[in-house]
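Written out below as structure tokens is the structure these notes cover.
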Amino acid sequence: MGSDGSWWTSLPRGRVVQLAGVDADALAVSLDPLPADAPVVVTYRPSSTASQAAIVGEVLDLLEDSAVALFPAWLPDAAGLIGPNGANLAAVRVLASRLAGRTSHFGPFLGDLAARALTGGHSKTSFPPEVRATGLTRVLEAAYDRADVVLLVEVRAPLPVRDEHILVASAEWIAHRGGFGGVWLVGSNLAHVDWISVRRVTLPDDVETLVATAPETPADEKPDLPTGLTVPPMAGRPSPQSAAEQLLEKVLASREWAYGRAWNQTVDLGLLVSVVRVDVLWEAERTVVEIDGPEHWQRVHYAADRRRDVLLQTAGYAVLRFTNDQVLGDVNSVVHQIEQFLTARRVP
């Protein structure tokens, strides 16, 4: 397919599909920033394949945590409600009920989820799995203003026969009973499961070139990627799954000199260059700050980062890169370096 179309439009909706001939990291690069016509692609790395109940439960718990972190994007009328006092809790439930009345949301679930988001509580909603799955799918569709949500399951290593069957059975439950637009399995082939659809995916030409030319990462330098779930970045806010981004924003918010920043913005570098997404942008100062997690040391991500840096720098942007460990280990040092750089860029 190359650059001729959107490959996801050829995949069956509401089905479990194994994507063949595609690198998991290359797929992630091709979906960042999330194309305008793509579904919300939620990436999941299982922590265990002990049972179907364990996998489905983990996915739903992580999806709910993500939905809470994205509040109030899916309930915009609640944007002015701050703090878990009684009046606000009553108001947020009313707003959730009103939204459910004019949409396909299930009111009681939406109200409980909104109340949890407002209070910052950790206990999950107490609805049956089918209700939670469907409700969370609709919440994510509303938050990102997309028609579908797809779960992308990364299988990073070959699995025993039993674990393959458990993983696929869990994926089928999520696809068929959870209201998802589909479940895509990518990474190691599931050699012992022959009843699911296998589709070959060809990524855009520039990503295919990146994969072909990216140097291999030495085996002893490959990072251990964390298990869990990742939702796409949302413009205007740090990633809900990144403790480093959350901490950096908390500190920047207290500094007067940090005005003008915007999180997770797309930058259009011209007609002949793809749009790129950056973690933090100071547009007036033409300055970009990137916060790199362990996935950025994977060969394709690393090569994509270098390519983006060159494109941004050619367009006149400065790019500062810090790792998660640098931010979490000494955030004040990172903030001081950003301050020094921005101050120098602001000198007339």
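Please find, among Arg146, Arg116, Arg93, Arg138, the residue that is among the basic types (Lys, Arg), assigned by TED's automatic domain parsing to the domain that holds Val22, without any contact (Cβ under 8 Å) to a residue 24 or more places away in the chain and farther than 30 Å from His192 by Cβ.
Arg93
Testing Gly121 on (1) within 19 Å of Glu64 (Cβ to Cβ); (2) of a type in the set (Gly, Ala, Ser); (3) within 21 Å of the chain's Cα centre (by Cα); (4) in a loop (DSSP other than H, G, I, E, B), one condition comes back false. Which one is that?
(3)
Hey, among Val267, Val276, which residue is out of contact with any Lys or Arg (no Cβ under 7 Å at 6 or more places or on another chain), among the aliphatic types (A, V, I, L, M), crowded, with 17+ Cβ neighbours inside 10 Å and not assigned by TED's automatic domain parsing to the domain that holds Ile55?
After applying the criteria, what remains is Val267.
Could you check the range 187-201 and list, in sequence order, the residues that are surrounded by 12 or more Cβ atoms within 10 Å (Cβ to Cβ) and hydrophobic (A, V, I, L, M, F, W, C)?
Once the filter is applied, which keeps residues that are surrounded by 12 or more Cβ atoms within 10 Å (Cβ to Cβ) and hydrophobic (A, V, I, L, M, F, W, C), the range 187-201 yields Leu190, Val193, Ile196, Val198, Val201.
Consider Trp173 against the criteria (1) closer than 24 Å to Asn85 by Cα; (2) surrounded by 18 or more Cβ atoms within 10 Å (Cβ to Cβ); (3) modelled with pLDDT of 95 or more: it satisfies all of them except one. Which criterion is unmet?
Here Trp173 meets the rest and fails (1).
Any residue at all in the range 61-74 that's without any contact (Cβ under 8 Å) to a residue 40 or more places away in the chain, more than 30 Å from Ala157 (Cα to Cα) and surrounded by fewer than 19 Cβ atoms within 10 Å (Cβ to Cβ)?
The answer is no; no qualifying residue exists.
Suppose we keep only residues that are surrounded by fewer than 18 Cβ atoms within 10 Å (Cβ to Cβ) and touching a Ser or Thr at 6+ places or on another chain (Cβ under 6 Å) within the range 3-51. Which one would you say is farthest from Val150 (Cα to Cα)?
Among them, the one singled out is Ser47.
What residue, among those in the range 121-135 that are without any contact (Cβ under 8 Å) to a residue 24 or more places away in the chain and under 20 Å from Gly228 (Cα atoms), is surrounded by the most Cβ atoms within 10 Å (Cβ to Cβ)?
Applying the first criterion (without any contact (Cβ under 8 Å) to a residue 24 or more places away in the chain) to the range 121-135 yields 121-123, 126-128.
So of that shortlist, the ones also under 20 Å from Gly228 (Cα atoms) come out as 121-123.
On the way: Gly121: 11, His122: 8, Ser123: 7.
Of everything passing the filter in the range 121-135, Gly121 is surrounded by the most Cβ atoms within 10 Å (Cβ to Cβ).
Of all residues in the range 219-233, how many are modelled with pLDDT of 90 or more and aliphatic (A, V, I, L, M)?
2
Of these, His192, His165, which one is in contact (Cβ under 8 Å) with a residue 12 or more places away in the chain, touching a His at 6+ places or on another chain (Cβ under 9 Å) and assigned to a loop (DSSP other than H, G, I, E, B)?
His192
When Gln52 is evaluated against the numbered criteria (1) over 21 Å from Leu152 (Cβ atoms); (2) among the polar types (S, T, N, Q); (3) touching a helix residue (DSSP H, G or I) at 6+ places or on another chain (Cβ under 6 Å), which criterion, by number, is the only one it fails?
(1)
Within the range 98-112, which residues are touching a helix residue (DSSP H, G or I) at 6+ places or on another chain (Cβ under 6 Å) and in a helix (DSSP H, G or I)?
Passing the criteria: Ala100, Gly107, Phe109, Leu110, Gly111.
Could you please let me know if Leu95 is modelled with pLDDT of 95 or more, part of a helix (DSSP H, G or I) and more than 25 Å from the chain's Cα centre (by Cα)? It would help to see each step written out before you state the result.
Details: modelled with pLDDT of 95 or more: yes; part of a helix (DSSP H, G or I): yes; more than 25 Å from the chain's Cα centre (by Cα): yes.
Judged against the criteria, Leu95 is a match.
Of the residues Ile82, Ile55, which single one is surrounded by 21 or more Cβ atoms within 10 Å (Cβ to Cβ) and not polar (S, T, N, Q)?
From the options Ile82, Ile55, the qualifying one is Ile55.
Can you find a residue in the range 150-163 that is closer than 29 Å to Leu81 by Cβ and either in contact with a Cys (Cβ under 8 Å, 6 or more places away or on another chain) or surrounded by 13 or more Cβ atoms within 10 Å (Cβ to Cβ) (or both)?
Checked the range 150-163: no residue is closer than 29 Å to Leu81 by Cβ and either in contact with a Cys (Cβ under 8 Å, 6 or more places away or on another chain) or surrounded by 13 or more Cβ atoms within 10 Å (Cβ to Cβ) (or both).
The values are calculated or read from the model by the stated rules, or taken from the named source; none is laboratory data. Keep in mind that this is a model prediction, so the values were computed, not measured. In this analysis, Cβ positions are derived from the backbone assuming ideal geometry, glycine residues included, and neighbour counts consider all displayed protein chains.
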